[in-house]
Amino acid sequence: MKYRITLSRQGDNILISIESKNSLIFHNNTDQLISTQLLEDFMPQDYFFRQLIEFFPDMDHQVSATGLKLSTAYSDQKCDRLISELNRLASPEKYGRIGENYIQLIGKTPLLKLSSLNQGLEATVLVKLECMEPNSVKDRPVYGIVSEAVKRGEITADTEVVEASSGNVAFALSAILQAILKKKPKIFISKMHGKTKIKAVRASGCPVFLTNAEQGTRGAKAASVAFAKENKNTFQLNQHGNPDNPRIHQLTTGPELYHQTHLLTGQAPAEFVTGVGSGGTAVGIAHFREDIKANFKVIGVEPAEASLLTGGEFQAHHYSGIAPGFITGIVEKDRDEINDIEKISKEEGFKICQRMLVEEGFLVGATSGASIAAAIRRARLPENRGKVIVTIAHDRGDRYLDIPDLFVPPDEAFEKEI
């Protein structure tokens, strides 16, 4: 069924008329028109109207055979809020994302306002849940790089695709190449990363080449580069230097989180906080900031034990996906776009992972804990009082259950055989 939604002002009231497309029962020329749009819903009409009445519980309602009229007292703020809600109702994806393959489900991830973890802070912390992508935050850049390479003819059905990864790029690349060309990449992974991830990458159908733990992803990248040089018709994804990586975050992640932040809080973000691995997310959001001439800060996050961006030295760490052991080409080119770096210790990030699970209900990965911990640290600063800080949950935590000390149950959560 198709409906026409009309939002208008009638005296001191806001009037929402939702009618069959060819009917104009409630709207008349005496109303001051605010907005109008079409909506399509495949639920039975009486069920659909009932849902709308429950959706706007504070509004008076009147139902007829072909339409629904809702009204409430007028205010500019309430009118703006209703327009936002109606836009959401009119979205063809209001019941959830739909797609014919993996690629069509990438993006449009939720934005979460922390509850317990926001208590006592000067600023409000929001978390962009990239852990609710089909795989992780790496879905966007991998799709951006692969799709552009296919357009340019750099990847064909006969091309060998290789990449160094800590796991999430490998998952995304496996799925996206399968969807586009029905083939699998070769993946180079440092043994620094957990056995659970490595096993899962192999299970997805990818040949895996393991490099030593001491060099981290730096060693895996060197091995993948050497393989690409030695083998003809090979395409290396090069997530650490490919400009299509930050470009996709500039075009998709940035607009999403900026729009969602306004919807959720009524104001723009003051800071965006993210772990820095390839640098694609941080630099892409910084480029988006330039596009819209905004002035929010971009804050990078690295392990305290391996913060090269602050002059430290690399050592193996548990924050998979960030601090790869070298400063990437993407970061080197646009280092000045990142306003500051927060260094997060293993203990601090792991504690936030545990709190996210126990207090907020989200099982997120170690790097997500580091990013959220950094955002919380920034939210304690007096100069951020009353502001909004957005950060990233990069991926899910079920891939990190083999990391010691990461998810330690609270004392009261005992285990007992009966």
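A short reminder: the numbers here are calculations on the coordinates, not readings from a lab. Worth saying up front: this structure is predicted, and the values here are computed from it rather than measured. Every residue, glycine as well, gets a Cβ built from its backbone with ideal geometry; the counts of neighbours run over all protein chains shown.
Just how large is the dipole of the stretch 97-184 about the Cα centre, in debye to the nearest 20, putting +1 at every Lys and Arg Cβ and -1 at every Asp and Glu Cβ?
Numbers: 11 positive and 10 negative charges, 44 e Å.
Using only the charged Cβ atoms, the result is roughly 200 debye.
Work through the residues other than His287 whose Cβ is under 10 Å from its Cβ and net out their charges, Lys, Arg +1 and Asp, Glu -1.
Net charge around His287: -2.
Add -39500 (n - 2.57) for each DSSP H run of 4 or more in the chain, then divide by its residues: what number comes out at 222 nm, to the nearest 500 deg cm²/dmol?
That comes out to -10000 deg cm²/dmol.
Can you list residues from other chains, or at least 5 along the same chain, whose modelled amide H is less than 5 Å from the amide H of Ile155?
Hits under the 5 Å cutoff: Val150.
May I ask you to sort Thr217, Thr265, Thr6 by Cβ crowding, counting other Cβ atoms within 10 Å and putting the fewest first?
Final ranking by Cβ density, sparse to dense: Thr265, Thr6, Thr217.
Compute and list, largest first, the equivalent-ellipsoid semi-axes of the stretch 2-90 from the alpha carbon gyration tensor, each √(5λ) rounded to a whole angstrom.
Values: eigenvalues 71, 41, 30 Å².
Over the Cα atoms of the stretch 2-90, the semi-axes work out to 19, 14, 12 Å.
Along each principal axis of its Cα atoms, how long is the stretch 315-418 end to end? Whole angstroms, biggest number first, please.
Extents along the principal axes: 60, 36, 19 Å.
Pick out, in residue order, every one of the GluC sites (Glu not before Pro) in the stretch 249-326 that is DSSP loop and has at most 13 other C-beta atoms within 10 Å; say none if there are none. Don't skip to the answer; put the middle values down first.
Numbers: sites: Glu256, Glu271, Glu290, Glu305, Glu313; in loops: Glu313.
Answer in residue order: Glu313.
Counting Lys and Arg as +1 and Asp and Glu as -1, each charge on the Cβ, what is the dipole of the stretch 263-413 about the Cα centre in debye, to the nearest 20?
Details: 16 positive and 23 negative charges, 94 e Å.
It comes to approximately 460 debye.
Mind checking the dipole of the stretch 2-90: about its Cα centre, +1 per Lys or Arg Cβ, -1 per Asp or Glu Cβ, Debye to the nearest 20?
Values: 9 positive and 12 negative charges, 42 e Å.
Roughly 200 debye, rounded to the nearest 20.
Return one quarter of the surface area of the convex hull spanned by the alpha-carbon atoms of the chain, equal to its mean projected area, in nm². Don't skip to the end; give the middle numbers.
Values: hull surface 102.1 nm².
Value for the chain: 25.5 nm².
Taking N as the number of residues in the stretch 229-380, what is its alpha-carbon radius of gyration divided by 2.2 N^0.38 Å?
Working: Rg = 16.1 Å, N = 152, 2.2 N^0.38 = 14.8 Å.
Here the Cα radius of gyration is 1.08 times the empirical estimate.
What's the longest uninterrupted piece of the chain once you rule out the trypsin sites (Lys or Arg not before Pro) that are loop residues per DSSP with at most 14 other Cβ within 10 Å?
On the way: sites that count: Lys21, Lys94, Arg97, Lys108, Arg152, Lys182, Lys232, Lys293, Arg380, Arg385, Lys416.
The answer is 294-379.
If neighbour count is taken as other Cβ atoms inside 10 Å, put Val358, Val125, Val273 in order from fewest to most.
Values: Val358 13, Val125 21, Val273 29.
So the ranking, lowest neighbour count to highest, is Val358, Val125, Val273.
Using modelled backbone amide H atoms (1.01 Å from N, in-plane), which distant-in-sequence or interchain residues come within less than 5 Å of Val301's amide H?
Thr274, Gly275, Val276, Glu342
Starting from the amide H of Arg396, placed 1.01 Å from N in the peptide plane, find each other amide H under 5 Å away whose residue is 5 or more places distant or on another chain.
Gly365
Which order results if Ser278, Ser64 are arranged by neighbouring Cβ count within 10 Å, fewest first? Provide the component values of the computation, followed by the final result.
On the way: Ser278 25, Ser64 12.
By the 10 Å Cβ count, ascending, the order reads Ser64, Ser278.
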